[in-house]
1. When 1/r is averaged over all different Cα pairs and the result inverted, which Kirkwood radius in Å belongs to the chain?
2. Using each residue's phi in the range 107-113, evaluate 6.51 cos²θ - 1.76 cosθ + 1.60 at θ = phi - 60° and report the 3J(HN,Hα) Karplus result to the nearest Hz, with x for Gly and Pro.
3. Among Leu82, Leu163, Leu17, determine the one that fluctuates most according to a GNM of the chain built with springs between C-alpha atoms less than 10 Å apart.
4. Can you give me the long-range amide H partners of Ile30? Hydrogens built in the peptide plane at 1.01 Å from N, cutoff under 5 Å, separation of 5 or more residues or another chain.
5. Between the helical axis of 157-168 and the dominant principal axis of the chain, each derived from Cα atoms, what acute angle in degrees is found, rounded to the nearest 10?
6. Taking the alpha-carbon distance from Lys117 and a cut-off under 27 Å, which lysines remain once sequence neighbours fewer than 8 residues away in the same chain are dropped?
7. Once Rh is set to the Kirkwood radius over Cα pairs, what Stokes-Einstein translational diffusion coefficient, in µm²/s, holds for the range 132-225 at a temperature of 25 °C and a viscosity of 0.890 mPa s?
8. Can you give the FRET efficiency to the nearest 0.05 for Thr158 and Leu20, using r as the Cβ-Cβ distance and R₀ = 35 Å?
Amino acid sequence: MPANILVIEDEPAIQELLALNITQAGHNAIRALSVEIAQELLRSTLPDLILLDWMLPGMSGIEYARRLKSDSQTKAIPIIMLTARGDEYDKVRGLEVGADDYVTKPFSPRELNARIKAVLRRRAPQMTDDPIEIAGLMLDPTTHRVTGNSTNIDLGPTEFRLLHFFMSNAERVHTRSQLLDKVWGDRVFVEDRTVDVHIRRLRNALAVSNHQDLIQTVRGSGYRLSAKND
């Protein structure tokens, strides 16, 4: 599943290079030349990851990272700092305000994409293209195929995203609201019961390979994917 990555970089040439690398890696690049532009973009949609330059006009990247992490709407978004500073103290400052990683300029496209993939794997594993296998159920994000014990399973796009999220976060309980935010998007306004409909469809599809019981209802809390029978 491609990630939406917000690039906050005030140098157009570097921003263009970053966007190109992100697109070639299969993700969507959203661009902002300043904190002000970034704030406008964040009002309409929340990205899956932010690449944030240390040196920005008006407000520094370090101050903006602190602001993002203190806001309940944006504090969960992972941040990779872009910096020309190689001093250990500066790197520590970035991590202390909540950044997940940093890339020192000049950087290679391979290094950048590796850092992005590593952060997404830790913070938003459903945004990576790594195949996942649980109890004989296999999901491949690259080919968009799901098989259960070597049996092909046909899923609609929403059910595929839902299963990908569940498998990427196995054993964790998710409320309907959390599933709506993570699978449908926090700016999509649909009723919580919509989740129940798609859970039912997902279970029916997984019944082909007898994997329907992996999707468990946790009374009073929500849903989880688990290979354990509690």
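Read-outs throughout are calculated quantities, based only on the coordinates presented, and are distinct from any laboratory measurement. All figures in this text were calculated on a predicted structure; none of them were measured in a lab. Positions of Cβ are backbone-derived with ideal geometry, glycine not excepted, and every protein chain shown enters the neighbour counts.
1. On the way: mean 1/r = 0.0527 Å⁻¹.
Over the chain, the inverse of the mean reciprocal pair distance is 19.0 Å.
2. 10, 8, x, 5, 5, 4, 5
3. Leu17
4. Correct list: Ile5, Leu6, Val7.
5. Between the helix axis and the principal axis of the chain, the angle is about 80 degrees.
6. Lys69, Lys75, Lys91, Lys105, Lys182
7. Values: Rh = 13.3 Å.
It comes out at roughly 184 µm²/s.
8. Details: r = 30 Å, r/R0 = 0.87.
In this case the efficiency is close to 0.70.
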